Amino acid sequence: MLADLKTAALVGIDGSVDWMCAPRFDSDACFAALLGYEEHGQWGIRPTAPVTARKQRYLEDTVVLQTDVVCDGGAYRITEFMRPELKRTELIRIVEGLEGRVEMEMVLAPRFGYGARMPWISQEEHSVSLVAGPDALALRSSVPVTAGETHVTSLFTISKGETQTFSLVWYPSNSEPPRVADARRAQDEAVRYWRDWAAKCTYNGKWKDAVVRSLLTLKGLTYEPTGGVVAAPTTSLPEEIGGVRNWDYRFCWLRDATLTLTALMIGGYVDEAESWRDWLMRAIAGDPSQVQIMYGLSGERRLTETELSWLPGYEGSKPVRIGNAASDQFQLDVYGEVMRCLYLTRKMGVPAADRSYGPQAKALLSFILRAWQLPDDGIWEVRGGRKHFTHSQLMAWAAVDSLIKLAEEFPSQEGELRDQLGHMRAVRERIREDILQRGFNTAIGAFTQSFGSEALDASVLLMAHLGFLPADDPRMLGTVKAIEKSLLRDGFVARYSTNLGLDGLPGSEGAFLACSYWLADNYAFQGRIDEANALFERLLSIRSPLGLLAEEYEPKLKRQVGNFPQGFSHLALIYTANAISKAEAGFKGPQVAVS
Ligand SMILES: OC[C@H]1O[C@H](O[C@H]2O[C@H](CO)[C@@H](O)[C@H](O)[C@H]2O)[C@H](O)[C@@H](O)[C@@H]1O
């Protein structure tokens, strides 16, 4: 992934940019070969001779990618990056000769509208422009290029010590193409930007490299103009290869982003936390019954789901969807996420907002006090009908619990809530009793997926994180044991069993990485340090060579599946690294970086 805090691009080890939406994460893709073939848009820079070795890495503490390629005749390096410090989207690729002399081919073939629209290509004095409807790209390069009807191409050679540069910038087609800076200067600026940001990380445990990579990835999923955080920069990377579980993640989920906040807190990133808190409160402003579970990058509400029939899908996994019908779902847990966000940001020292969020919190409270007993669609956004999910009830409890803590610990700012304290405490106790009575199945000795059910669900592992029960409570020990017995897949945790018909979808899916981290957290909280370490190391070992994680892992195929890179997995990694470090230092129970 390359990122510029407005959008991202995915580059293959073969030198091809196969995915990029511009100018925002949720814009139409202009390179969509990831979900189809070359004809759906890509930008390749490759040798004409066969490749014998390739090695890819990020420059330390940056999102600047470097790929070394050895081929017949010599070796070269491509350094590529986007520009986080700019308002526009610009992708720069610098080719450097390392050995001998290599003949290279550059082929630029964007197809706007997710691979559907061929641009008009015209050669101008210093650049080539590619225009279709509202979108335009301009390519500038240090080597001569040929603008054909369908592609821009260049054949050039690179010898040891030589450098050639290419920069591609998106601009609105009704304006002039922007001027671009010197590529090396741009590289220095991008490197400095990411390194300055990474240097602020306050986690200093034994997994610092992995934590910093995950933090940089989460930062790369941030849409800086508004502070929104996308779940992933991709759509429709399948949860089952060849299957239909293909969803669009280029939106801001209240759940994912609030959990991201906890991860940023662990890393010490207060500005980002403040920015997310304010984004969140703007997005959900209004009637609490109309709070959505996800929004567009600027808080847009209409995220209509459609299928793109012309795209064959990743390795034939159809349909390719854009938009997300889960945006219309009722998921009780998001109220808990919002309240936790309000509480945790205050707790970590984020200053109170200019306008008090007290009245909004009070309105949300009154909604949750009315709605907590309603069935909902649950954390996994299942499409198989509403239930009383145990995790949803847990988060209703967390919503009230967070507001009680806000009122107790920050009485001067959140005074509006104080007169409700008695009532809130009574409701918190009622929800708790309900969960303990109806969410715990005494026959199997575990909390189950929904009230009265026998099915297991890894989301209840979060009970200890939220302080609902101590991790060594016999009911938590029983739950962990039952999950180990029924949901472990070759050492990784499935979120639930897909063969019980819960999600209303055909087929199956991989193990869910965040749930696997949550199991490791429970081990750490319970003092089972060796097991926590072993599971965490296993999870580190399946990251991509660049340290990136998708949403899921398919142990049978030994490959990651689902959208990529996925914030949920990276934020869970950060939390677990911290939880194990804390447990090793002698802390008992859940610890986030708030004192
Ligand atoms: O599995 C079915 C659902 O999958 C997606 O939701 C998942 O991703 C969300 C974003 O990371 C996460 O918040 C949620 O807990 C996951 O289940 C998809 O967005 C849904 O439309 C789909 O029903």
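The values are calculated or read from the model by the stated rules, or taken from the named source; none is laboratory data. Just so it is clear, the structure is predicted and the values come from calculations on it, not from any experiment. Every residue, glycine among them, receives a Cβ derived from its backbone with ideal geometry; neighbour counts consider all protein chains shown.
Residue check: is residue 533 surrounded by fewer than 22 Cβ atoms within 10 Å (Cβ to Cβ) and within 16 Å of the ligand (Cβ to nearest atom)? Against the criterion (surrounded by fewer than 22 Cβ atoms within 10 Å (Cβ to Cβ) and within 16 Å of the ligand (Cβ to nearest atom)), residue 533 does not qualify. Taking the criterion of being more than 23 Å from residue 131 (Cα to Cα) and crowded, with 17+ Cβ neighbours inside 10 Å, the residues of region 158-181 that qualify are 158, 164. Report whether or not residue 76 is of a type in the set (Ser, Thr, Tyr), in a helix (DSSP H, G or I), at pLDDT 95 or above and surrounded by 21 or more Cβ atoms within 10 Å (Cβ to Cβ). Spelling it out, it is not the case that residue 76 is of a type in the set (Ser, Thr, Tyr), in a helix (DSSP H, G or I), at pLDDT 95 or above and surrounded by 21 or more Cβ atoms within 10 Å (Cβ to Cβ).
When 159, 167, 129 are checked against the criterion of being touching a strand residue (DSSP E or B) at 6+ places or on another chain (Cβ under 7 Å) and either farther than 19 Å from residue 30 by Cβ or outside any strand (DSSP E or B) (or both), 159 stands alone in meeting it. For region 546-595, the tally of residues that are in a loop (DSSP other than H, G, I, E, B) and basic (Lys, Arg) stands at 3. Filter region 411-425 down to the residues that are exposed (fewer than 12 other Cβ atoms within 10 Å of the Cβ) and more than 36 Å from the chain's Cα centre (by Cα), then identify the one that is modelled with the highest pLDDT. Among those that are exposed (fewer than 12 other Cβ atoms within 10 Å of the Cβ) and more than 36 Å from the chain's Cα centre (by Cα), it is 422.
Here is a yes/no grid of residues against (1) more than 13 Å from the ligand (Cβ to nearest atom); (2) crowded, with 19+ Cβ neighbours inside 10 Å; (3) on the phi > 0 side of the Ramachandran plot:
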position: 491; (1), (2), (3): yes, no, yes
position: 508; (1), (2), (3): no, no, no
position: 524; (1), (2), (3): yes, yes, no
position: 528; (1), (2), (3): yes, no, no
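For (1) touching a helix residue (DSSP H, G or I) at 6+ places or on another chain (Cβ under 7 Å); (2) closer than 21 Å to residue 155 by Cβ; (3) not in a strand (DSSP E or B), each residue gets a yes or a no:
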residue: 62; (1), (2), (3): yes, no, yes
residue: 68; (1), (2), (3): no, no, no
residue: 80; (1), (2), (3): no, yes, no
residue: 84; (1), (2), (3): yes, no, yes
residue: 101; (1), (2), (3): no, yes, no
residue: 107; (1), (2), (3): no, yes, no
residue: 121; (1), (2), (3): no, yes, no
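Selection within region 270-298: residues that are under 16 Å from residue 223 (Cβ atoms) and at pLDDT 90 or above. The member of this set that is farthest from the ligand (Cβ to nearest atom) is 298.
For region 165-212, a residue qualifies if it is within 15 Å of residue 267 (Cα to Cα) and among the small types (Gly, Ala, Ser), and the qualifying residues are 198, 199, 205, 210.
Out of region 37-60, which residues are part of a helix (DSSP H, G or I) and among the charged types (D, E, K, R)? Those that are part of a helix (DSSP H, G or I) and among the charged types (D, E, K, R): 38, 39. Per the listing 188, 209, the residue uniquely loosely packed, with under 13 Cβ neighbours inside 10 Å, of a type in the set (Asp, Glu), assigned to a helix (DSSP H, G or I) and not assigned by TED's automatic domain parsing to the domain that holds residue 546 is 188.
Is region 218-240 home to any residue that is surrounded by fewer than 23 Cβ atoms within 10 Å (Cβ to Cβ), within 13 Å of the ligand (Cβ to nearest atom) and more than 15 Å from the chain's Cα centre (by Cα)? Yes: region 218-240 contains one or more residues that are surrounded by fewer than 23 Cβ atoms within 10 Å (Cβ to Cβ), within 13 Å of the ligand (Cβ to nearest atom) and more than 15 Å from the chain's Cα centre (by Cα). Here residue 369 does not qualify as crowded, with 22+ Cβ neighbours inside 10 Å and at negative phi. Could you check, for region 149-160, whether at least one of its residues is at negative phi and touching a Cys at 6+ places or on another chain (Cβ under 6 Å)? No, region 149-160 contains no residue that is at negative phi and touching a Cys at 6+ places or on another chain (Cβ under 6 Å). Against the criterion of being at pLDDT below 95 and more than 16 Å from the ligand (Cβ to nearest atom), residue 585 qualifies.
Taking the residues in region 247-264 that are near the ligand (Cβ under 9 Å from one of its atoms) and in a loop (DSSP other than H, G, I, E, B) as candidates, determine which candidate is farthest from the chain's Cα centre (by Cα). Selected residue: 247.
Scanning region 333-377 for residues that are more than 21 Å from residue 411 (Cα to Cα) and in contact with a Pro (Cβ under 7 Å, 6 or more places away or on another chain) yields a single hit, 367. Contact map, region 540-560: first residue closer than 21 Å to residue 58 by Cα, second residue of a type in the set (S, T, N, Q) and surrounded by fewer than 22 Cβ atoms within 10 Å (Cβ to Cβ), Cβ cut-off under 8 Å, separation 6 or more or different chains; pairs are 545/56; 546/56; 560/544. Within region 335-390, the residues that satisfy the criterion of being in a helix (DSSP H, G or I) and of a type in the set (Phe, Trp, Tyr) are 335, 343, 367.
Scanning region 299-328 for residues that are part of a loop (DSSP other than H, G, I, E, B) and surrounded by 21 or more Cβ atoms within 10 Å (Cβ to Cβ), we see that the one that is farthest from the ligand (Cβ to nearest atom) is 311.
Matching residues to (1) over 30 Å from residue 203 (Cα atoms); (2) touching a strand residue (DSSP E or B) at 6+ places or on another chain (Cβ under 6 Å):
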| residue | (1), (2) |
| --- | --- |
| 234 | no, no |
| 244 | yes, no |
| 251 | no, yes |
| 279 | no, yes |
| 296 | yes, no |
| 302 | yes, no |
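Scanning region 484-495 turns up at least one residue that is of a type outside the set (Asp, Glu) and assigned to a helix (DSSP H, G or I). The residue of region 517-545 that is nearest to residue 479 (Cα to Cα), among those that are touching a helix residue (DSSP H, G or I) at 6+ places or on another chain (Cβ under 9 Å) and assigned to a loop (DSSP other than H, G, I, E, B), is 526. Kindly indicate whether any position in region 513-520 is more than 16 Å from the ligand (Cβ to nearest atom), on the phi > 0 side of the Ramachandran plot, over 14 Å from the mean Cα position of the chain (by Cα) and assigned by TED's automatic domain parsing to the domain that holds residue 465. For region 513-520, residues more than 16 Å from the ligand (Cβ to nearest atom), on the phi > 0 side of the Ramachandran plot, over 14 Å from the mean Cα position of the chain (by Cα) and assigned by TED's automatic domain parsing to the domain that holds residue 465: absent. Residue check: residue 499 meets all listed conditions (1) touching a Leu at 6+ places or on another chain (Cβ under 6 Å); (2) without any contact (Cβ under 8 Å) to a residue 40 or more places away in the chain; (3) within 16 Å of the ligand (Cβ to nearest atom) but one, namely (1).
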